[in-house]
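> The structure follows.
The values are calculated or read from the model by the stated rules, or taken from the named source; none is laboratory data. Everything numeric in this text was worked out from a predicted model, so none of it was measured. Positions of Cβ are backbone-derived with ideal geometry, glycine not excepted, and every protein chain shown enters the neighbour counts. Note: accessible area is taken over every heavy atom of the protein model, side chains too, but ligands, DNA and RNA are not part of it. Shrake-Rupley method; radii C 1.70, N 1.55, O 1.52, S 1.80 Å.
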Amino acid sequence: MIKQANENLPMPVFEKVRYGPWQLEKMQPSQSIAASEDFQEDFLGLKVTGSTTTHQQLSPDLVAAGVLLMNIKQAYQEYPELVKNMVGTVIGRQSDRLAANNYDQFNTGFFLYIPANVQIEPVVQVVLNQIADGQGDLIARILVYVGENSQVKLLQRLQTLGNQASKASVVVEVLAQRGSRLTYANIDDFGPHTSAYINRQADVLANAQVDWVNASFNDGNTITRLASHVDGEGSISHAKVAAFTNRKQVQGFITEIQNSGRHSLGHIFQRGVILNSSALVFNGVGRIIKGAKGSDAQQESRVLMLSRRGRGEANPLLLIDENDVTAGHAASVGRVDEQQLYYLMSRGLPEKVARKLVIRGFIGEVLSQMPTNQAQQDLIDAIERKLQYERA
């Protein structure tokens, strides 16, 4: 009955991306479990492999302050009412067919709850590992609640263990209460045989701020929706995205910020790099609702082509229903700046090294926002890995 009801819902629309052959609407949740623990004394956060928690650690002062960080299954068992009141509040079950399927089928993920007036200084880290063993798909739900006047930086990684063909569905719901501050950084690194649907959205209340730092370095086909609803007066959200495609891979994005609150701010910044015969599509949407006076909606999307066989698009869209606002957009698709290359090579650098530096500088705005030095280095290493296929 539920499956039939979901089939009546529309599939999400990603302009210029044909993802129908990936059959993302047909998933079965994996029951695979991790074989061993992965505990690290200096790792503040959570690791979930398949549906198994392999590492869980919060400092005693955070536990005393009422902070919760746990596998979504554990959260349902220990705090059922808290979790049930959050699931579907930001991304409704009826949003689209893929969101509904995730709502009905998820069996892994994590739950982060931060009460009011809690300032977390160290970066909280979460690793979610997909087990690609041919025994099912990763279907994960992530819930993040940041209480009034609280503050946290969160670093989340999505990774694949195994080489079997598989799919992944990851839905993230963020509730940022009045006066809160959240930096939510993602490193998405699913394997080449994983097709993925990722949907991350946040509700941002008055004077709160949610900043997304999204690095999409997946090797498989992926569609990603990243959205903020800046609902309260003075609310702020920045969405910074870096994406890298290679071989015959396709990645499609919808990055959207909707300004509903007066004097709210929403800025979108996207950078993409394309290799080989791959395709990358950025769809940016800035939306200002009637009544959101004094709001600011800006977006900039740029794509760097390293191959004549690849396909890149940057499609900006502004939907403005209010007069007393500021809004603008910029978009471009182009090749490596030959003058930059010439300058670097004239200083004695080989062409290959010079190209790497140009690329690193191109996505530097996103790279520099990663909240740990290790995360920044991991992205540099990922660039090196992707560039191995430049001539393929």
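> Can you find a residue that is in contact with a helix residue (DSSP H, G or I) (Cβ under 7 Å, 6 or more places away or on another chain) and assigned to a strand (DSSP E or B) anywhere in region 312-334?
no
> Out of everything in region 44-64 that is within 16 Å of residue 111 (Cβ to Cβ) and of a type in the set (Gly, Ala, Ser), what residue ends up being farthest from the chain's Cα centre (by Cα)?
51
> Among the residues of region 261-281 satisfying the criterion of being part of a strand (DSSP E or B) and of a type in the set (Gly, Ala, Ser), which is surrounded by the most Cβ atoms within 10 Å (Cβ to Cβ)? Give the derivation first.
Residues of region 261-281 that are part of a strand (DSSP E or B), as a first pass: 265-274, 279-281.
Still in the running and of a type in the set (Gly, Ala, Ser): 266, 272, 279.
On the way: 266: 29, 272: 26, 279: 19.
Of everything passing the filter in region 261-281, 266 is surrounded by the most Cβ atoms within 10 Å (Cβ to Cβ).
> Quick check on region 101-112: of everything there that is over 20 Å from residue 34 (Cα atoms) and touching a helix residue (DSSP H, G or I) at 6+ places or on another chain (Cβ under 7 Å), which residue is surrounded by the most Cβ atoms within 10 Å (Cβ to Cβ)?
First pass over region 101-112, keeping only residues over 20 Å from residue 34 (Cα atoms): 101-104, 112.
Adding the requirement that they be touching a helix residue (DSSP H, G or I) at 6+ places or on another chain (Cβ under 7 Å) leaves 101, 104.
Details: 101: 24, 104: 14.
Step by step, filter region 101-112, then rank; the result is 101.
> Restricting to region 187-244, name every residue that is open to solvent by 10 Å² or more (accessible area, probe 1.4 Å) and within 14 Å of the chain's Cα centre (by Cα).
187, 189, 201, 211, 225, 238, 240 - these are the residues of region 187-244 that are open to solvent by 10 Å² or more (accessible area, probe 1.4 Å) and within 14 Å of the chain's Cα centre (by Cα).
> Looking only at residues in region 245-256 that are free of Cβ contacts under 8 Å to residues at least 60 places away in the same chain and open to solvent by 10 Å² or more (accessible area, probe 1.4 Å), which one is nearest to residue 304 (Cα to Cα)?
So the residue we want is 248.
> What's the number of the condition residue 284 fails, among (1) within 26 Å of residue 263 (Cβ to Cβ); (2) in contact with a strand residue (DSSP E or B) (Cβ under 8 Å, 6 or more places away or on another chain); (3) open to solvent by less than 50 Å² (accessible area, probe 1.4 Å); (4) not in a strand (DSSP E or B)?
All conditions are met except number (4).
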